[in-house]
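The values are calculated or read from the model by the stated rules, or taken from the named source; none is laboratory data. This is a predicted model, so every value here is computed, not measured. FYI the Cβ positions are ideal-geometry reconstructions off the backbone, even for glycines, and counts take in every protein chain you see. Areas reflect the complete protein model, heavy atoms only, side chains present, ligands, DNA and RNA absent. Shrake-Rupley method; radii C 1.70, N 1.55, O 1.52, S 1.80 Å.
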Amino acid sequence: QNQMKAGANITYILAYNEPDSQSSTGGSGIPADTAADVWMRNVAPLRDQGVKVGLPAVTGSPNGFNWLANFNKSCSVLSAKGCEADFIPVHWYGNFQGLASHVGQVRATYPQLPIWVTEFADPDDTLLNSQTFYNQSTAFLDQLYYCDRYSYFGSFRSDVSNVGGNAAFLTQNGQLTDIGSWYLGGSATGNVPEGAA
């Protein structure tokens with residue numbers, strides 16, 4: 001609100017990051033009913049002002065689906081309109097088949113909402129598997145009319161990557177890896193993270 005009052009042009013917001021998970025793994029660890037209450041007081045007014053909002057970005061686990069169902073149930077108790085949103089963020093860490101299945105499940109559950117895949121990677125895999133996953137996934141997501149945006153989870157150096165060095169955009173020396181270059185629309189660099197298998 002303060003940023004908007006100061007003139008910032010805010011058109012989209014993401015709300016809770018992995019609320020079904022704890023902070024030790026990057027989550028916000030908040031109960032669904034508490035999150036719904038805070039949403040109604042802080043996020044819903046932004047949407048009334050024309051800001052497009054995403055539902056909470058839960059993990060790709062079954063717990064994530066359960067948390068989001070409980071969140072929506074709590075929202076319906078608080079307001080007849082519920083916690084309205086304009087898109088649904090998706091997170092996935094695993095192989096390509098799992099990603100495709102998870103995106104399909106999200107679409108089947110929330111068919112009215114465009115999807116933003118805001119985190120995805122094949123963690124702790126070989127370099128070849130990581131590269132294959134990246135290429136398969138981006139080709140798949142590019143073809144989905146209901147996937148408005150995606151952001152690969154790898155914009156860091158390979159030696160500090162929490163999803164494995166082979167998934168990173170940069171080598172330990174800060175050079176673009178093949179995946180990093182492909183993400184930017186370039187060609188393969190041949191720069192391999194130290195210790196790649």
Item to complete: List the pair-distance distribution P(r) of the stretch 102-183, using every Cα-Cα distance, as the percent of pairs falling in each 5 Å bin from 0 up to the bin containing the longest distance, rounded to whole percents.
Response: 3, 16, 24, 22, 14, 11, 7, 2, 1
Fill in: Amide H contacts under 5 Å for C147, placed H, 5+ residues apart
I115
Fill in: On Cα atoms only, tilt of 32-42 relative to the major axis of the chain in degrees
70
Worksheet item: Against the longest alpha carbon principal axis of the chain, how many degrees, from 0 to 90 and to the nearest 10, is the axis of helix 127-143 turned?
Response: 40
Discussion item. Compute the orientation-averaged projected area for the stretch 147-197 from the convex hull of its Cα atoms and round it to one decimal in nm².
Written reply: 3.8
Worksheet item: Rg to Rh ratio, the stretch 1-69, alpha-carbon atoms and Kirkwood radius?
Response: 1.03
Practice prompt. Please determine, in degrees from 0 to 90 and to the nearest 10, the orientation of helix 96-109 with respect to the longest principal axis defined by the Cα atoms of the chain, where the helix direction is its Cα long axis.
Written response: 10
Item to complete: First select every other residue whose beta carbon is under 12 angstrom from the beta carbon of G165; then total the charges, Lys and Arg +1, Asp and Glu -1.
Response: -3
Fill in: Backbone HN-Hα couplings from phi across the stretch 178-184 [Karplus 6.51/-1.76/1.60, Hz, Gly and Pro as x]
4, 4, x, 5, 4, 4, 8
Discussion item. Suppose the Debye formula is applied to equal point scatterers at every Cα of the stretch 82-136; what is log10 I(q)/I(0) at q = 0.13, 0.24, 0.27 Å⁻¹?
Written reply: -0.37, -0.92, -1.06
Worksheet item: How big is the charge dipole of the chain about its Cα centre, in debye rounded to the nearest 20, if each Lys and Arg gets +1 on its Cβ and each Asp and Glu gets -1 on its Cβ?
Response: 620
Practice prompt. Mind ranking F96, F87 by accessible surface for me, highest first, 1.4 Å probe?
Written response: F96, F87
Item to complete: Any chance you could look up the accessible area of R47 with a 1.4 Å probe, heavy atoms only, rounded to 10 Å²?
Response: 70
Worksheet entry | the chain: calculated mean residue ellipticity at 222 nm from DSSP helix runs of at least 4, using -39500 (n - 2.57) | -11000 deg cm²/dmol
Practice prompt. Using only protein heavy atoms and a 1.4 Å probe, report how much of S24 is accessible, in Å² to the nearest 10.
Written response: 110
Worksheet, complete the sentence: At q = 0.10, 0.16, 0.18 1/Å the base-10 log of I(q)/I(0) from the Debye formula over the alpha-carbon atoms of the chain is -0.47, -1.05, -1.20
Worksheet item: Can you give the direction-averaged projected area of the convex hull of the alpha-carbon atoms in the stretch 50-102, in nm²?
Response: 4.3
Discussion item. If the elastic network links every pair of Cα atoms under 10 Å, which of V77, V163, V43 fluctuates the most in the Gaussian network model of the chain?
Written reply: V77
